[in-house]
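Below is one structure, written out as structure tokens, with a few remarks after it.
Just so you know, all these numbers are worked out from the coordinates, no wet-lab data involved. Bear in mind the structure is a predicted one, so any value in this text is a computation, not a measurement. All Cβ positions, glycine included, derive from the backbone under ideal geometry; neighbour counts span all protein chains shown.
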Amino acid sequence: MTHRMVTATLALIGLIVALYLSLWRVGLIGTLACGAEGGCDTVQTSSYAAFLGIPVAFYGVAGYVALLGVSLVGLQPRWIVRREPTIALAMLAGLGVAFSAYLTYLEAAVIHAWCGYCILSAGIITGILVAAIVGFRDGQRRTEANKADSKS
């Protein structure tokens, strides 16, 4: 259960970051407040800032909303002991980590600029994946312990 609280918190933070970048992308925020000199602007205006014609930040919003939703559903009494929410969190976060790794590679090897928000998002999604894996392993241990107790 704790891992779902952690994933919900991290997903909310990630959603804020992705929303900020999305609002900038659609022109509702004038300048990106980024510590790196021009790094965020360079990355966010590159040809790699969109995937399949959709801004990458929009994928972040959708992904973090999905992760937040699954986390919150998984905290409901009906779902608290079930594994399905944790499996869904691990799968969604795994996709997010893979996509973030690809984008980070592009920043380093192709664009030659770093966006602090992108790095933050990569760290958040990695944290969500770690929490989901820990939750999955804890759930497996509880299941095995319950089976052993019922045989005794």
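Looking for whichever is without any contact (Cβ under 8 Å) to a residue 40 or more places away in the chain and closer than 17 Å to Ile119 by Cβ here; the options are Ala62, Ala49, Ala66. Which one fits? Outline the logic, then answer.
Values: Ala62 fails: closer than 17 Å to Ile119 by Cβ; Ala66 fails: closer than 17 Å to Ile119 by Cβ.
Testing whether each residue is without any contact (Cβ under 8 Å) to a residue 40 or more places away in the chain and closer than 17 Å to Ile119 by Cβ leaves just Ala49.
Please indicate, with yes or no, whether at least one residue in segment 67-75 is small (Gly, Ala, Ser) and under 13 Å from the mean Cα position of the chain (by Cα). Explain how you work it out, then say what you get.
Restricting attention to segment 67-75, the residues satisfying the condition of being small (Gly, Ala, Ser) are 69, 71, 74.
Those still in the list that are under 13 Å from the mean Cα position of the chain (by Cα) too: 69, 71.
So far as segment 67-75 goes, yes, one or more of its residues are small (Gly, Ala, Ser) and under 13 Å from the mean Cα position of the chain (by Cα).
Just one of the listed residues (Ala88, Ala98) is out of contact with any strand residue (DSSP E or B) (no Cβ under 6 Å at 6 or more places or on another chain), under 23 Å from Gly127 (Cα atoms), among the aliphatic types (A, V, I, L, M) and exposed (fewer than 13 other Cβ atoms within 10 Å of the Cβ), namely Ala98.
Within segment 23-33, is there a residue that is without any contact (Cβ under 8 Å) to a residue 60 or more places away in the chain, among the basic types (Lys, Arg) and over 14 Å from Ala132 (Cα atoms)? Looking through segment 23-33, at least one residue is without any contact (Cβ under 8 Å) to a residue 60 or more places away in the chain, among the basic types (Lys, Arg) and over 14 Å from Ala132 (Cα atoms). A residue that is crowded, with 19+ Cβ neighbours inside 10 Å and of a type in the set (Asp, Glu) occurs nowhere in segment 115-138. May I ask you to list the residues in segment 71-113 that are in a helix (DSSP H, G or I), touching a residue at least 40 places away in the same chain (Cβ under 8 Å) and β-branched (Val, Ile, Thr)? Result: Thr86, Ile87, Val110, Ile111. Within segment 52-70, the set of residues being buried (at least 17 other Cβ atoms within 10 Å of the Cβ) and outside any helix (DSSP H, G or I) comprises Pro55 only.
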